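> Here it is, the structure in full.
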Amino acid sequence: MSRSGALSALVIRHQLPHRLRIHCTTEISAAQLELIRNQLERIHPGVEVRATAHRHGVVISHHPDRVVCPALAADLLQAALDAQQLHGPATPPTPLELWLGETRQGSIKVLMALAIAGWALPILPGTPFFLMAWWLGWRPEKSEEAQLEPAALQPGT
């Protein structure tokens, strides 16, 4: 059921090898469209979902070598329309975000190696490299002893 409490009827308008168009009686909100897009992207990477007919339907396009099951797409659309509160999965990271994360981790490793070398060699300052690695997000790992300390400091009952 949708927000109004009425069942939304789904009709598959047409299906081609690389495209599927589904029409529904209720309007699809932007949040619902994003939920549908994220769910289909997780199942079929590279799929494109866009609203049609003044947000009363969706068009699902994909590569000709991949087939999206119409029943699965209709079920995802029906689930998105029936959801009371939209708590869908987070959007998958973009290739740029993945590359930036990998680059950041590589930079942290290099800066920490230079910081350790700087503390061992008197001519190379280590503190600036350590501070730059800290700024990029490096944090020391917590050991099991450090995790047990707060419990040991609490007064017993």
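The values are calculated or read from the model by the stated rules, or taken from the named source; none is laboratory data. Everything quoted here is computed from the prediction, not taken from an experiment. So basically every Cβ, Gly included, is an ideal-geometry build from the backbone, and we count neighbours across all protein chains shown. For accessibility, only protein heavy atoms count, side chains too; no ligands or nucleic acids. Shrake-Rupley method; radii C 1.70, N 1.55, O 1.52, S 1.80 Å.
> Condition first: under 22 Å from the mean Cα position of the chain (by Cα) and at positive phi. Now tell me which residues in the stretch 43-83 satisfy that.
Hit for the stretch 43-83 is 46, nothing else.
> Give me a count of the residues in the stretch 52-67 that are within 22 Å of residue 25 (Cβ to Cβ) and open to solvent by less than 50 Å² (accessible area, probe 1.4 Å).
Pass one, the stretch 52-67, residues within 22 Å of residue 25 (Cβ to Cβ): 52-60.
Next, from what is left, pick out any that are open to solvent by less than 50 Å² (accessible area, probe 1.4 Å): 52-53, 57-60.
Count: 6.
> Taking the stretch 8-30, which residues are surrounded by fewer than 13 Cβ atoms within 10 Å (Cβ to Cβ), within 16 Å of residue 78 (Cβ to Cβ) and at pLDDT below 80?
Once the filter is applied, which keeps residues that are surrounded by fewer than 13 Cβ atoms within 10 Å (Cβ to Cβ), within 16 Å of residue 78 (Cβ to Cβ) and at pLDDT below 80, the stretch 8-30 yields only 9.
> Out of (1) without any contact (Cβ under 8 Å) to a residue 60 or more places away in the chain; (2) touching a strand residue (DSSP E or B) at 6+ places or on another chain (Cβ under 7 Å), the odd one out for residue 71 is which?
Against the list (1) without any contact (Cβ under 8 Å) to a residue 60 or more places away in the chain; (2) touching a strand residue (DSSP E or B) at 6+ places or on another chain (Cβ under 7 Å), residue 71 comes up short only on (2).
> A further question on this structure: Hey, which of the helices (runs of 4 or more DSSP H) in the stretch 86-157, taking only ones fully inside, have at least 3 residues that are closer than 30 Å to residue 48 by Cα, at pLDDT 85 or above and open to solvent by 60 Å² or more (accessible area, probe 1.4 Å)?
The qualifying helices (runs of 4 or more DSSP H) are 95-120.
> Residues that are among the charged types (D, E, K, R): list the strands (runs of 3 or more DSSP E) wholly contained in the stretch 5-80 that include at least 2 such residues.
On the way: elements: 10-16, 19-24, 48-52, 57-61.
It comes to 19-24, 48-52.
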